[in-house]
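Since the structure comes first, as structure tokens, the remarks are kept for the end.
The values are calculated or read from the model by the stated rules, or taken from the named source; none is laboratory data. For clarity, every value in this text was computed on a predicted model and none was experimentally measured. Every residue, glycine as well, gets a Cβ built from its backbone with ideal geometry; the counts of neighbours run over all protein chains shown.
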Amino acid sequence: MREETTTSMMDLPLLIMENILSRLSPKTIFICRTVCKSWLNLISLPEFCKLQLSRSPANLIICLSHISMRLPSPSVFKFVNLEDTPYHHILTYEPNLDLDIKPHFPDADFTPVGSIHGLICLFHMPRYSGLDTVYVFNPTTREYITLPEVKGLREYPNLVTYGFGFDPQRMEYKVVRIYQVETRDPERGTCYYTSEVQVYTLGQTGSWRSIGYVKRCFGCHSSGVYLKGKLHWLVGDGDGNESICFIDMHEEESGQWISDRQDAEVCHTFSTAPGFNKENCPNLRSLGVFGDHLCVCDNNAESQVNVWMMKEYGVTSSWSKEVVINITPEYNWICYQMIQVLKVFQDGEILFQWWEDYLFTYHPEKKILTKIENFSGNFWASTHISSLLSLKNFGKEIVHNL
């Protein structure tokens, strides 16, 4: 008799095994690392991480804020699956995936900056004044690093804002800190801000670099909006006019902007969307991404919300009013606060965040506005792609595990 032989998954060719594992959810892949040494070695390869990242859908991550007294835990990340097709979409919240980092993280009171390729930038703001502590965290691998001490005290009237970006040419992740110092002009009776641009590149020098100064006010509430290798902010000049300022993640590394002179401009700007009125206080306009384009969401009018999209990047004449939400009495809660575009679904519906309190969707063709009741209170929300990108790959920083 012929002796029967048995085969298992371990006998599959490496490329087939890689193809199978990379299609699993990041959480399942993370568990698969403990099955055997060969799987651990495969999953740990940078090439496997890139393949898995390319196949991971964009979902939603929500971080509960520490300032809300109604929420049970101040340091919880929540994950929402976004099933998005050309004909319908579904938001599915999975409570079993909630991640409470309070027992392990050094600072529970932090503010998220942004999410790129599964990495999230956070900063801890001192209660009264002092220096921020900045982190980069991967909630899938449970790894985080603490960046070196920043320069410039957060102390009134000085302001601080951040951005988290990626240089696709050098494959480098960068944290940008804008330190804004108020300067008063006694002759005009006004004040303006001189903002120092500080950059930290993961895995490089291990320190912050100052690349120059910008005579613009970036504010302190909105983080930089990342799009196609650039970080963008809505900024104001000394006369109260609004424009869009951006920093190219690749260009800043070339040394083109490095300057020791505080009167040297180191940023690029172009015109903002129509509708800006510097008499509005507060100014309820936010910068975001509408599909693959920059957008400005304007909630200054009490009767409607306007979403402007820049169809051709950097071209002022290409601003187009893409969405108008007429505010009816039943939806008058939508007024009086800033609104952020989070995602445009394939079926045309748009996911918004109202200030830090609510999520809602709006379908421009059907004229249907739907408030999402799963989340309320103070929170930060962003699209997020779960990844197995290990912070240990960068080499310079000390990596901690939760």
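Cβ-Cβ contacts under 8 Å between residues 6 or more apart (or on different chains), taken from a first residue in region 13-40 that is free of Cβ contacts under 8 Å to residues at least 12 places away in the same chain to a second residue that is of a type in the set (Gly, Ala, Ser) and part of a helix (DSSP H, G or I), are listed as ARG33/SER44.
Quick check on my filter: what residues within region 157-192 are over 14 Å from LEU119 (Cβ atoms), modelled with pLDDT of 90 or more and basic (Lys, Arg)? Matches in region 157-192: ARG170, ARG177. Only one entry of SER210, SER195 meets the criterion of being under 24 Å from the mean Cα position of the chain (by Cα) and either at pLDDT below 90 or over 29 Å from ALA381 (Cα atoms) (or both), and that entry is SER210. Does TYR336 satisfy the condition of being assigned by TED's automatic domain parsing to the domain that holds LEU227, out of contact with any strand residue (DSSP E or B) (no Cβ under 6 Å at 6 or more places or on another chain) and within 17 Å of LEU359 (Cα to Cα)? For TYR336, the condition - assigned by TED's automatic domain parsing to the domain that holds LEU227, out of contact with any strand residue (DSSP E or B) (no Cβ under 6 Å at 6 or more places or on another chain) and within 17 Å of LEU359 (Cα to Cα) - is met. Scanning region 265-283 for residues that are in contact with a strand residue (DSSP E or B) (Cβ under 7 Å, 6 or more places away or on another chain) and of a type in the set (A, V, I, L, M, F, W, C) gives VAL266, CYS267, PHE270, ALA273, PHE276. Pairs meeting the criteria (first residue in region 87-98 and closer than 18 Å to VAL76 by Cβ, second residue of a type in the set (Phe, Trp, Tyr) and outside any strand (DSSP E or B), beta carbons under 9 Å, at least 6 apart or on different chains) are TYR93/PHE375.
Given the criteria among the aliphatic types (A, V, I, L, M), more than 27 Å from GLU196 (Cα to Cα), modelled with pLDDT of 90 or more and assigned by TED's automatic domain parsing to the domain that holds TRP380, does ILE244 qualify? Please lay out each step first, then the result.
Details: among the aliphatic types (A, V, I, L, M): yes; more than 27 Å from GLU196 (Cα to Cα): no; modelled with pLDDT of 90 or more: yes; assigned by TED's automatic domain parsing to the domain that holds TRP380: yes.
So ILE244 does not fit the description; no.
Which of the residues spanning region 319-335 are more than 13 Å from CYS297 (Cα to Cα) and surrounded by 13 or more Cβ atoms within 10 Å (Cβ to Cβ)? Those that are more than 13 Å from CYS297 (Cα to Cα) and surrounded by 13 or more Cβ atoms within 10 Å (Cβ to Cβ): ILE327, TYR331, TRP333.
Here is a yes/no grid of residues against (1) polar (S, T, N, Q); (2) in contact with a Cys (Cβ under 9 Å, 6 or more places away or on another chain):
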site: CYS295; (1), (2): no, no
site: ASN300; (1), (2): yes, no
site: VAL307; (1), (2): no, yes
site: LYS311; (1), (2): no, no
site: LYS321; (1), (2): no, no
site: VAL324; (1), (2): no, no
site: LEU342; (1), (2): no, no
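Tell me which residues, restricted to region 23-71, are under 30 Å from GLU356 (Cβ atoms) and modelled with pLDDT of 80 or more. Selection gives LEU53, SER56, PRO57, ALA58, ASN59, LEU60, ILE61, ILE62, CYS63, LEU64.
Results for (1) outside the structural domain of ILE350 (by TED's automatic domain parsing); (2) buried (at least 22 other Cβ atoms within 10 Å of the Cβ); (3) within 16 Å of CYS63 (Cα to Cα); (4) modelled with pLDDT of 90 or more, shown as yes or no for each residue.
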position: HIS89; (1), (2), (3), (4): no, no, no, yes
position: PRO95; (1), (2), (3), (4): no, no, yes, no
position: ASP100; (1), (2), (3), (4): no, no, yes, no
position: PRO112; (1), (2), (3), (4): no, yes, yes, yes
position: HIS117; (1), (2), (3), (4): no, no, no, yes
position: LEU122; (1), (2), (3), (4): no, yes, yes, yes
position: ARG127; (1), (2), (3), (4): no, no, no, no
position: THR133; (1), (2), (3), (4): no, no, no, yes
position: VAL136; (1), (2), (3), (4): no, yes, yes, yes
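Picking from ALA273, ALA301, which residue would you name as being crowded, with 21+ Cβ neighbours inside 10 Å and either modelled with pLDDT of 95 or more or in the same structural domain as CYS191 (by TED's automatic domain parsing) (or both)?
Values: ALA301 fails: crowded, with 21+ Cβ neighbours inside 10 Å.
Criteria check complete, one pass: ALA273.
Applying the criterion of at least 3 residues that are more than 30 Å from PRO46 (Cβ to Cβ) to the strands (runs of 3 or more DSSP E) found wholly in region 159-230 leaves 159-167, 172-185, 190-201, 209-214.
Under the condition of being under 20 Å from THR383 (Cβ atoms), small (Gly, Ala, Ser) and in a loop (DSSP other than H, G, I, E, B), the residues counted in region 14-61 number 3.
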